[in-house]
Structures are given as C-alpha cells and as structure tokens.
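Peer 1: One structure, pasted below without further comment.
The values are calculated or read from the model by the stated rules, or taken from the named source; none is laboratory data. Since the structure is predicted, the reported quantities are computational estimates derived from the model, not experimental observations. Because the Cβ atoms are built from the backbone with ideal geometry, glycine has one as well, and the counts that use them run over all protein chains shown.
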Amino acid sequence: MADKWIYVIVSVLMAIGLVFAYSLPIYLENRFGWSEWHFFIRFLVFSILSLVIMYLLSQCNPDKCIGKIGWFLLIVGAVVIVLMPTPVLSGICPVIKGARRWIRVFGFSIAPVEFFKVGLIYFFAWSFSRKLLPQNFTTLKDELLAIFPYLGVLGITAIYVVIFQSDLGETLLILMIFFVMLIFTKVSPKTFGVLMIAAIVVFIVGITQKSYRLERVKSALYNIYLLLPKPIREWFSLDISTVDISYQIRQSINAIHNGGLLGVGIGNGSFKLGFLSDVHTDFVLAGIAEEIGFVGVFAVLLLIAALIWRILKIANRIEIKTHNDNIYKLFTVGVAILIGLETLLNIMGIIGLFPLKGLPIPFISYGGSSMLAFSIAIGMVLMISKKAKMN
Amino acid sequence: MSDNQTHTLKIGILYALFLFVILIFLIRVLYISLHKPNYFTSTIISHTNLAIRGKIISHDNFVIAKNEKMYSVAVYPRYINPDKKELFINLLSIYSNTPRSTIKHLINTSKNRVILLKHIPYEIQKNLVYLSSVFAIKKVFLPTSKGIIYGLDIFEENSKRVTPFKDRLEPILGYMRNNQGMGLERYYNEILKPKQNGFIRGYRDVRNHIIYDNTVVIKPRIDGDDLRLNINLLLQGKIENMLDTLKTQLKAKEVLTVVMKSETGEVIAMASSNRYNPMHITQKDISHLKISHIQYTYEPGSVMKPITLSLLLKHHKVNIYEVLNAHNGVFYFKPRFTIYDDDSFKWLNVINAMIHSSNIVFAQLGLRLTPKEFREGLLEFGFNQKSQIDLPYEYKGLIFSPKEFLSEIHRASNSFGYGLRVNLIQLLKAYNVFNNNGIMIDPKIVSKYANTPLMHTTKRILSAANAQTVLNILRQVVLKGTGVAANIDGLFIAGKTGTAKISKNGKYIKGLYNSSFIGFANDDTHKYTIATLVIQPDKKHFFASQTAVVGFRNIVNIMLDMGLLKRHLTQ
C-alpha cells in the first residue's frame, strides 16, 4: 500500500492553494481583463492532473518504473534546456523578464528546469549509490577525484541555468540539494568542507556579476543585522542609511503586518491589489498571511512540515536489501530536501532574510510546471513507499 | 553505529534544522504582525470632490454665471532628481504654459513643499495629470527613505465664479464674496450655494483606485441648484448698449429700464447704464454695485397721476368727461403754496388734464379722496412696501403718515407725484395693473430653480373696466400729449411721462430732474410693461419726452427687430 497520508496532505495543500488562487491574483486578472476564475481554473486543472499522476505513479512497481522516469526527466530536461537558447526551440521560448525560462506549448508555459531538478535528484541517488556508498575512501584526493565528475555535471548545469536562463535561484537550489544529499553518502567531513568553500567562492563571484543580486544580498544581510540584539548592533556600528529594503520585501512585510494574528479575512486583503507583485506565486505566503494571518501561515507550514516528516519517514523505513533500495532511499531523501529547501528559501525570501526570489511554495504557489514536477516526485515517493515498512 | 542508524541520525538532524528555520520564520512573522514596520503605508485613502455653486442661465439658454474648478500644483523640490531638473522645468513650462523662469525661481526658493502653479483650469490640469505619469516613467522624482515618491501634487482649489459676459445684467446679477453680496447671487444664495462636498474613503489598489467593498464610505457631491431666469440675454445686451449711448448723449447720472411681461410678471430685461464686471470689482465700481431700480427712491412727479385717477375711479369720485378749472397755469392753492402747469389752459376735462399733465387739475381731483382712501389706495398699489421682486436690500420708499395725510397740501402734492418717494419697480408693478385688467402681479426675474417654477402672487385691485379706462387715457397721452415721441405705428403704445424736480435737504434744486416714462407696448399676442428712468439728465434736455421716452421708444424698436413684438399691419 502506498502512503495515504502524503496523498491527503498534498490534497489539503492544493485545496488551500486553490482558494488563494481565486482570492489573491484579482488585481492581475482585472488589469489584463481576464475572468476572475482565470487562475482558479488553471490551478484546479493542474491540481486534478497532479492528483491523477500521483495516483497512477503510486500504482507502479518501483523496480520497473523509477529508473525509467528518472532517466527520462533527466535526459529530456537536459536536452530541452540545452536547446532552448538555440534556433531549434527559441521560437517557442519567449523572453520573459529578460530570460528564456519557459517553453510555450499548446497555450501552456512549461519550465523544463522544474522537471530536470527531479531527474537530477534521481541521477544523484543512482550515481551516489554506485560510486560513493559502496567503498570507503582512504585519502582526500581519492574522494575529490570521485566527486570531480559530479562537479562537472553541476558546472555545466549551473552555466546553462545561470547564463541562459539567468536563474541563480534554481542553480543555488540544485547545488544545495547536491550538498545535502552528499551528507547521506560516506564522503568525509574534510572533503565536504573543501567543497563547501569552493562553492561559496563560486557563488560570491556569481553574486557580484549583477548589481541587483548584490543589492539583494546587502538587503538580506541588513535584515539579518536588524534581528541582532541591540548591544551587538552597536558594537558593529554600521552605517545602514544607504541600505535600501527592496520594494517587494517592504510590501510583503506590510501585508504580513496588515494581516496580524488572524488576518483580514479571505478576499479582504488590500496589499494583493498591485502592491505585492507575484502575490499568487513567489509571495503567496505573504498574501495568505494578510488574509488569514499568522495562524494561517502557521497551519500551512505545519502541513508542509508534516509532508516532509512523512517522506523522511518513508526514507528511513526502507530496508536495504538490494542495490535499488539505496537508490530509493537517497531519492526519497532528495525529494524531501527539494520540498524543504524550496519552502525555506521562499519563506526566508519573503521576509527579506534570504536574498532570493522565484522559488515557489510546493502545491500552494500558482505554477503548473512546478506543481506537476512536485507531483511526479511525490508520485515516485509513493511508489517507493510500498517498499517501506511503515508500521 | 550501523549505516542505518547513522542514516536515521542524519535524517533527524536535518529535519530538526528544517524545523529550526521554520521556527525563526514564524517568530519573525509573529513579530511583524504585532509591530508596525516604520515604512508601513496604509492602503486606505480618501478623496474630496468639492461641490460647486449653481449656474445662472438666461431664458435664451446663455450661462451668465458659472463656477469653474481650479487647481493648484505643488512639489517638493528636494525630491527632484538633480540630473532631471532641467527636464522637469522644461516639460512643466510647456504643459502649463508658464515661463521657465517662474518655475525655476520657485523651486529654488525652498526645499520643502512649494506651490508652483495656482488657478490652473481643468483643461491644463488634465495635461498635468498626464505629465506626472511621464515624470514617473522618466524617474524625475527620487523616492524618500521610506520609498514613497512625492511627485506632482495636483489638488483642487475652491472653484472660481466666472461671468462669461463680463458686465452684462449687472448690477442685477450681483456677486457673492465671503457671505456678502448683492443682486440675484445674494438673494438666491441658499439655492445656488454648494450643498455637500463629495467624499469617498476606502481601500485602494496600487494605482489609487478605490475598492468599492462594504467598508467604503461615500458621500455624493451635491452641487448648488441652477437658476433659470426670465431675462432674455440678447434683448438685455441690446438694451444695455442703447442705455450706454443714451447716458452719454444726455450726460445723465444713470439710465435705468425694466421690461416685464404684463400678464405673467416675468421680467425679461432689467438694465442699467452703470454696470461693473463682478470678476474684477475695482474702486470706481463701488457706486455701480447698487441696484438703482430698487435702491434709488425718488419723487416720481407726473407719473403718479394715473394712480390718483384710478383711485378716484375706484371710489366713484370722478367722471372722466367732467371739466375742471385749470386756472391758466397758476393756481394759488394755499398761502405760500402755488401750483404751476407747464402749459396754461383755462379749462380742462380729466382726459385732457392727463394728456397735458396738469398739476392744477390733479391737485383739485386728489382732494376729493379722503385721507384714508388716498393713503390706503397708495398702499394697495404697492407704494411704501417692497415690490416682491426677487432682489435683496430693496428700499421701499416713503409716503406720508395717516396724520400727515390730513393736510390738504400733502394730499394735493401726492396727487401729482410729490411728497412721496418710490422706486422704479414699485412704479412698474403699479402701472402693470392697467395693462393686466386691474390685476396686480409680482415681478420676478427668476423663472425656476431645481425644477420648481417661481410663484407670482396676483391680486385684483381695480375693476377691469376702470383699468381699461385708465389705459385708454394713457393711450391718448401717447397719441396727443407729452408722450407723443413714444408712439410707433402698428403697436398699441400707451404710458405717462414724469419730470420731477430733485430735492436736496428739503429744497428743490433748479435744473436737477428725474425723468421717467412708464408705458405699455402691446401687439395682438404680447403685452409688455416698460419702465424707464433717467436720473439727472443735463439741463438742455430734462423733459421726459426728450429723455425717458426716447429710451422707451428705442426699447420697443429693439423688441420689434427681435420679433418680440409684431406690428399689426391693418391698424
């Protein structure tokens, strides 16, 4: 039996998302002359599709299917991402907000990187279980040599996603997933440290390439600085008058404040009326905070925490009998990391403690590609859950 | 530790880390929801839409007075991007049609809020609203530390009263300023004045559109009601031009006239030679502010004779064919009280006494009335009381007290129009009785406001037969007597002249006269009562036939030209 609880939690999250897909983007719908049901209907269609995909995947036999799906997502995702800037696909990849991140097919926008991430998690799980789990390395050099090919893969991915899609967020996420999954192999802490330092250096270079990224990092550091106790702040004695909190973060915090503990009521929010851009996607939690308050945000995060708890429980309960079981275990952990990291980066982003935006809240934020990709990942976890001894 | 146990431990630590970050987030959200950020800007806004004063519209649909909304533009010079300052000055100068130097000077005077432009009409305000969006695109204004952008602040001033026809219909139209005023503007101030400013408060979207949900507060804007006049502005204008010429020709102090429809009391023209432009009242206009039609009272002289006659007819104390002694023009009535006529006759019947305007005959006739009959008769004809015309601050004039009426000298003087003070509208209203079958009607300038027609109260004060008798005699005055100059072929013209000496400090001053003509101009379908008064014409032509009658005649000619009167060709 596949895990019922995951299915239930995901459905509840989607239901919450559906309510706010109706309530929040009203300003956008109004401005573009769309129907008030524009986002609701699309969200509903994707939710139903997602639930069907999850159910169908959960019925499959993992030993037969996981590998095929994983390789398919990885290879097709990679090929599409590579071809997007080339004349082969650029015709159907319009430049939106300065980057080609979406393919338009049959009136829908698909972000291939969302599916590619799931494929990559499978690839890491598959590869780690072959290369890094079986043997114990003796020297740092051996370990680094073993890890080097992955760095190549990550490097190529990063170049493509950062340069051609201008999406530092997704790249950072992929890197973080890689590092967190690496914890679950037998790589020594020393190697891990070396890699982390290398990654941080690369990242600082990446940040300084664009002035707006630097501004965001400054703004986030400023926000963290403000959280420090007063004596420590005085000790630093920074001149903070030049640091500016970005407009979106300000509006997001205004919305959270306006919501208070219990919110102004579903549909009554006013910061969603053009003040908070992307209120139905990146800043959905700020919109939810305004309408159902701190209590509502707490409930949403509780559901996500429960979902991750359940996924990690499956990972923990898989008994290692065959080589495949290692893949399943790592893959399941990878999916939990994916959901957890996206949530954390998003929530820290909306209160300005992390210099990032563009990552959705799983199943709550509007966005067909991310929802379908998450559903495929969850579906694969459900498929695997049949192997776990949950009781 | 087995692999599995390490694995479980790693998962546990990872999950604990996850929960820890979530906890930080929740604490931060809790803090934000309870503490207002210093850059918090409310999404509630309010707008006020100032209500305006009602319009005044003539009978021929000209807007004589209206309010125009005016706007001011303010700016915080300290938020103007120094690199875009030239652009700001140039564009604002072009869009508002203001010299560059003015704008440049003003934004350099202060860093704080400066009012750059005042009294901007609506058309330019629209352009400036567009310009402020251009400024937003060009980033002409720097944001504050709270991220708020103070751009062009275009706000509504109190609206301005505009009279497109300048001094037309003044001083009747009047003005209103700081609760003080004159004319129609003052009289109908309660009707005209704005009732309620529009107000709206509610949540807004980012473009400042108000959201009409159940929390929005709306008070509708209620403007003042419009006044619709009986005044025919074309006629009014032509008459005013004619009066200006007449005033210059006669070197008079002022020339006044009123044209009223006899059957309805609708005043279709009411003009003075002494006018002013209410938009620019200057020192020299102060004497022109007064509405002489109701605020100048004078001894009317011979124009009172028809009133005396009608009182005699009413009390059956005269036969119009009876002959009285005219004393050859000089009548030693009482010691130190001699009455003179301009033309001397031995005997005159009542009709001829009117035609030749014999003071001597009318003095004798007047004494036939008892003091009570005479005084109450004058009161009934509307003297010594307000004429009920819709204008403020009317002077009601003066008649002798009941005790003074016991004096024969007083009664004899009253008979030919001395010893009492009246205003021109009172005379117009009294005379109108003869042209309206004995029925008195209140004159009104306004026809309606707020879709309510004005009521004219009517009262019969003379039998139709007596009214007709007087009218016929007044017709004779125009055909044969002092009013000959008024006659126009093809129309029924009747009326009475009056040339009255002006008294100052109880003494009549030689060479100072008021000259009036109150008359009627009727065709088959229209009846008009027209009053004309020339105040102090020069000594060469003081007789009414050379002054007021000319004014009357000119008016009737203008009305013929405009088709307000039509000649009866077969007459």
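Peer 1: Name, by its number, the condition in (1) charged (D, E, K, R); (2) closer than 30 Å to B:Pro220 by Cβ; (3) within 14 Å of chain A (Cβ to nearest Cβ) that does not hold for B:Lys69.
Peer 2: Only one criterion is unmet by B:Lys69, namely (3).
Here is a yes/no grid of residues against (1) in contact with a Lys or Arg (Cβ under 9 Å, 6 or more places away or on another chain); (2) among the hydrophobic types (A, V, I, L, M, F, W, C); (3) part of a helix (DSSP H, G or I):
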| position | (1), (2), (3) |
| --- | --- |
| B:Leu106 | no, yes, yes |
| B:Ile115 | no, yes, no |
| B:Ile124 | no, yes, yes |
| B:Asn127 | no, no, yes |
| B:Tyr130 | no, no, yes |
| B:Ser133 | no, no, yes |
| B:Lys139 | yes, no, no |
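Peer 1: Separate question: Might you let me know whether the range A:258-281 holds any residue that is crowded, with 24+ Cβ neighbours inside 10 Å and among the acidic types (Asp, Glu)?
Peer 2: no
Table: residues versus (1) among the basic types (Lys, Arg); (2) touching a residue at least 12 places away in the same chain (Cβ under 8 Å); (3) within 19 Å of B:His293 (Cβ to Cβ).
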{"position": "B:Gly498", "(1), (2), (3)": "no, yes, yes"}
{"position": "B:Lys501", "(1), (2), (3)": "yes, yes, no"}
{"position": "B:Phe517", "(1), (2), (3)": "no, yes, yes"}
{"position": "B:Ile530", "(1), (2), (3)": "no, yes, yes"}
{"position": "B:Gln536", "(1), (2), (3)": "no, yes, yes"}
{"position": "B:Leu564", "(1), (2), (3)": "no, yes, no"}
{"position": "B:Arg567", "(1), (2), (3)": "yes, yes, no"}
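Peer 1: Looking at B:Met270, B:Met260, B:Met279, which is the one that is of a type outside the set (Phe, Trp, Tyr), under 13 Å from B:Ile64 (Cβ atoms) and buried (at least 22 other Cβ atoms within 10 Å of the Cβ)?
Peer 2: Of B:Met270, B:Met260, B:Met279, the one residue that is of a type outside the set (Phe, Trp, Tyr), under 13 Å from B:Ile64 (Cβ atoms) and buried (at least 22 other Cβ atoms within 10 Å of the Cβ) is B:Met270.
Peer 1: Out of the residues in the range A:320-347 that are of a type in the set (A, V, I, L, M) and free of Cβ contacts under 8 Å to residues at least 24 places away in the same chain, which is farthest from the other protein chains (Cβ to nearest Cβ)?
Peer 2: Looking at residues that are of a type in the set (A, V, I, L, M) and free of Cβ contacts under 8 Å to residues at least 24 places away in the same chain, I get A:Ile320.
Peer 1: Would you check which residues across the range A:264-290 are within 10 Å of A:Tyr27 (Cβ to Cβ) and among the charged types (D, E, K, R) and list them?
Peer 2: A:Lys272
Peer 1: Under the condition of being closer than 26 Å to B:Ile502 by Cα and of a type in the set (Gly, Ala, Ser), which residue from the range B:518-546 is surrounded by the fewest Cβ atoms within 10 Å (Cβ to Cβ)?
Peer 2: So, considering only residues that are closer than 26 Å to B:Ile502 by Cα and of a type in the set (Gly, Ala, Ser), the one surrounded by the fewest Cβ atoms within 10 Å (Cβ to Cβ) is B:Ser545.
Peer 1: Sort out which residues of the range A:265-298 are farther than 12 Å from A:Ala255 by Cα and away from chain B (no Cβ under 11 Å), and write them in order of number.
Peer 2: Of everything in the range A:265-298, those that are farther than 12 Å from A:Ala255 by Cα and away from chain B (no Cβ under 11 Å) turn out to be A:Ile266, A:Asp278, A:His280, A:Thr281, A:Asp282.
Peer 1: Tell me, which residue of the range B:1-12 that is of a type in the set (A, V, I, L, M, F, W, C) and over 12 Å from A:Trp309 (Cα atoms) is modelled with the lowest pLDDT?
Peer 2: Top of the filtered list is B:Met1.
Peer 1: Conditions: (1) crowded, with 23+ Cβ neighbours inside 10 Å; (2) of a type in the set (Phe, Trp, Tyr); (3) within 14 Å of chain B (Cβ to nearest Cβ). A:Phe363 meets all but one. Number of the miss?
Peer 2: Here A:Phe363 meets the rest and fails (3).
Peer 1: Output the residues belonging to the range A:170-190 that are more than 14 Å from chain B (Cβ to nearest Cβ) and buried (at least 19 other Cβ atoms within 10 Å of the Cβ).
Peer 2: Selection gives A:Glu170, A:Thr171, A:Leu172, A:Leu173, A:Ile174, A:Phe178.
Peer 1: Starting from the range A:157-175, take each residue that is assigned to a helix (DSSP H, G or I) and list its partners that are among the acidic types (Asp, Glu) and modelled with pLDDT under 80, counting only C-beta distances under 8 angstrom and pairs at least six apart or across chains.
Peer 2: So the pair list comes out as A:Val161/A:Asp167.
Peer 1: Does the range B:15-25 hold any residues that are surrounded by 14 or more Cβ atoms within 10 Å (Cβ to Cβ) and more than 7 Å from every other protein chain (Cβ to nearest Cβ), and which are they?
Peer 2: Passing the criteria: only B:Ile24.
Matching residues to (1) farther than 30 Å from B:Gly237 by Cβ; (2) in contact with a helix residue (DSSP H, G or I) (Cβ under 7 Å, 6 or more places away or on another chain); (3) free of Cβ contacts under 8 Å to residues at least 12 places away in the same chain:
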{"site": "B:Met70", "(1), (2), (3)": "no, no, no"}
{"site": "B:Leu92", "(1), (2), (3)": "yes, yes, no"}
{"site": "B:Asn108", "(1), (2), (3)": "yes, no, no"}
{"site": "B:Leu117", "(1), (2), (3)": "yes, yes, no"}
{"site": "B:Ala136", "(1), (2), (3)": "yes, no, no"}
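Peer 1: Residues to consider are B:Asn61, B:Asn90, B:Asn4; find the one that is surrounded by fewer than 18 Cβ atoms within 10 Å (Cβ to Cβ), outside any strand (DSSP E or B) and within 14 Å of chain A (Cβ to nearest Cβ).
Peer 2: Among B:Asn61, B:Asn90, B:Asn4, only B:Asn4 is surrounded by fewer than 18 Cβ atoms within 10 Å (Cβ to Cβ), outside any strand (DSSP E or B) and within 14 Å of chain A (Cβ to nearest Cβ).
Peer 1: Can you go through B:Ile191, B:Ile154 and tell me which one is closer than 30 Å to B:Leu233 by Cα, among the hydrophobic types (A, V, I, L, M, F, W, C) and in contact (Cβ under 8 Å) with a residue 12 or more places away in the chain?
Peer 2: The conditions single out B:Ile191.
Peer 1: Return the residues of the range B:26-56 that are within 11 Å of another protein chain (Cβ to nearest Cβ), part of a loop (DSSP other than H, G, I, E, B) and basic (Lys, Arg); say none if nothing qualifies. Spell out the reasoning first.
Peer 2: Of the residues in the range B:26-56, the ones within 11 Å of another protein chain (Cβ to nearest Cβ) are B:26-45.
With the extra rule that they be part of a loop (DSSP other than H, G, I, E, B), the set shrinks to B:35-43.
The one that is within 11 Å of another protein chain (Cβ to nearest Cβ), part of a loop (DSSP other than H, G, I, E, B) and basic (Lys, Arg): B:Lys36.
Peer 1: While we're on this one: For the range A:176-198, what are the residues that are part of a helix (DSSP H, G or I) and basic (Lys, Arg)?
Peer 2: A:Lys190
Peer 1: For the range B:355-464, which strands (runs of 3 or more DSSP E) that fit wholly inside it have 1 or more residues that are in contact with a Lys or Arg (Cβ under 9 Å, 6 or more places away or on another chain), modelled with pLDDT under 95 and in the same structural domain as B:Lys317 (by TED's automatic domain parsing)? Write out each step before concluding.
Peer 2: Working: elements: B:439-441, B:446-449, B:458-460.
Answer list for the range B:355-464: B:446-449.
Peer 1: Do we have any residue at all in the range B:203-219 that's touching a Leu at 6+ places or on another chain (Cβ under 7 Å) and either away from chain A (no Cβ under 14 Å) or farther than 30 Å from A:Val279 by Cβ (or both)?
Peer 2: Checked against the condition, which is being touching a Leu at 6+ places or on another chain (Cβ under 7 Å) and either away from chain A (no Cβ under 14 Å) or farther than 30 Å from A:Val279 by Cβ (or both), the range B:203-219 yields no hits at all.
Peer 1: Then there's this: Of all residues in the range B:424-472, count the ones that are farther than 18 Å from B:Glu266 by Cβ and within 23 Å of the chain's Cα centre (by Cα).
Peer 2: 1
Peer 1: Please work out if A:Leu353 is within 12 Å of chain B (Cβ to nearest Cβ), part of a helix (DSSP H, G or I) and at pLDDT below 95.
Peer 2: no
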